[in-house]
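Accompanying notes for the structure given below.
The values are calculated or read from the model by the stated rules, or taken from the named source; none is laboratory data. The structure displayed is predicted, hence computed values, not measured ones. Methodologically, a virtual Cβ is constructed for each residue, glycine included, from the backbone with ideal geometry; neighbour enumeration extends over all protein chains shown.
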Amino acid sequence: MAKPTRRRRLRRAVIAAILGLLAPHAVAGPGPKNKKAAKVDVAAAKAALLGTDEQKAIAAAEQLGSVKEQGAHDALLDALASGLSVAVAPKALASLVAVQAPADVGVIRIYAKHRSADVRAAADTALAGYPEGRKLLVRALGDTKPNVRAAAAAALAKTKAREGTERMFALLARGDDGAVVALGEMADPEMARAIGEELGKVPDNALAKCLGIILKRTDFGPDEARVQVVRAIAKIAGTEAVNALSDYVEATPAKPPRPSRKEAEQIIQARLGGGS
């Protein structure tokens, strides 16, 4: 029994020596798991946020947004309530939503009426997480600036909110890109059918883009609904429809077989073969 014991001891000694050689290298180059998040001095960040140096204020807003604590949220809310510049407000609004509270909407509402379109758009984007702010988003769909309308439409689409759908369909009829994208991202099979029925009322390129967005969504289905969207796109004249179908075919794996993909391929072949 003595020999096996000595062998085990020798083996352990060798392993220990190897680990001893490797350890310094492991310490010298720590992986992501060893990285610790930098501690944020909330009071100092708040002071910088309210300071006159806009670059430091923007950095402070980013720092406060990285801290999922009530104190950091309150610092952002207080600073926004005090009034922030056009350059700083968008970043502070984006950071505010890291920790949400009902009191936020009252302050965000002020920035949603700001003279700057970029600030209004940032406020609309921030409102996406607050159901009580949806009336403001619907109102913003009538803004004169495209980026503000797009931000409001995207915020409503993010939560699949049906408020403002009628207005978005009206914007779709004008070819408004914000509404085109938002409707494409939020449509269920019933809404997709309604969008397809807008043929002739909506610019062809806008309708093809909207239906193409629906078609490529991984959360849209079942496949019978995709087949209906493919057929709706097939009714649209011009290259936009072919492009939308081609994008879908390229984005969809050939296996397992999908009827909607096969039908899209057949339509593309028929269009290209017919010289249209």
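Couple of notes before you dig in:
- Meets criteria (part of a helix (DSSP H, G or I) and surrounded by fewer than 17 Cβ atoms within 10 Å (Cβ to Cβ)) for Ala244: no
- Filtered residues of segment 80-118 (kept if within 19 Å of Ala140 (Cβ to Cβ), in contact (Cβ under 8 Å) with a residue 24 or more places away in the chain and of a type in the set (Lys, Arg)): Arg109
- Exclusive hit being touching a helix residue (DSSP H, G or I) at 6+ places or on another chain (Cβ under 8 Å), surrounded by fewer than 18 Cβ atoms within 10 Å (Cβ to Cβ) and either modelled with pLDDT under 95 or not hydroxyl-bearing (Ser, Thr, Tyr) (or both), set Ala151, Ala254: Ala254
- Residue in segment 47-64 that is closer than 26 Å to Ala153 by Cα, small (Gly, Ala, Ser) and at pLDDT 95 or above present: yes
- For segment 172-229, residues that are in a helix (DSSP H, G or I) and of a type in the set (Asp, Glu) total 6.
- Filter result for Asp143 (touching a Pro at 6+ places or on another chain (Cβ under 7 Å), among the charged types (D, E, K, R) and either part of a helix (DSSP H, G or I) or without any contact (Cβ under 8 Å) to a residue 40 or more places away in the chain (or both)): no
- Only one of Ala89, Ala94, Ala121 that is buried (at least 16 other Cβ atoms within 10 Å of the Cβ) and touching a Phe, Trp or Tyr at 6+ places or on another chain (Cβ under 9 Å): Ala89
- Residue ID - farthest from Leu76 (Cα to Cα), chosen from residues in segment 124-142 that are surrounded by fewer than 17 Cβ atoms within 10 Å (Cβ to Cβ) and not acidic (Asp, Glu): Gly142
- Any hit, segment 206-221, residues being charged (D, E, K, R), more than 24 Å from Glu166 (Cβ to Cβ) and surrounded by fewer than 18 Cβ atoms within 10 Å (Cβ to Cβ): yes
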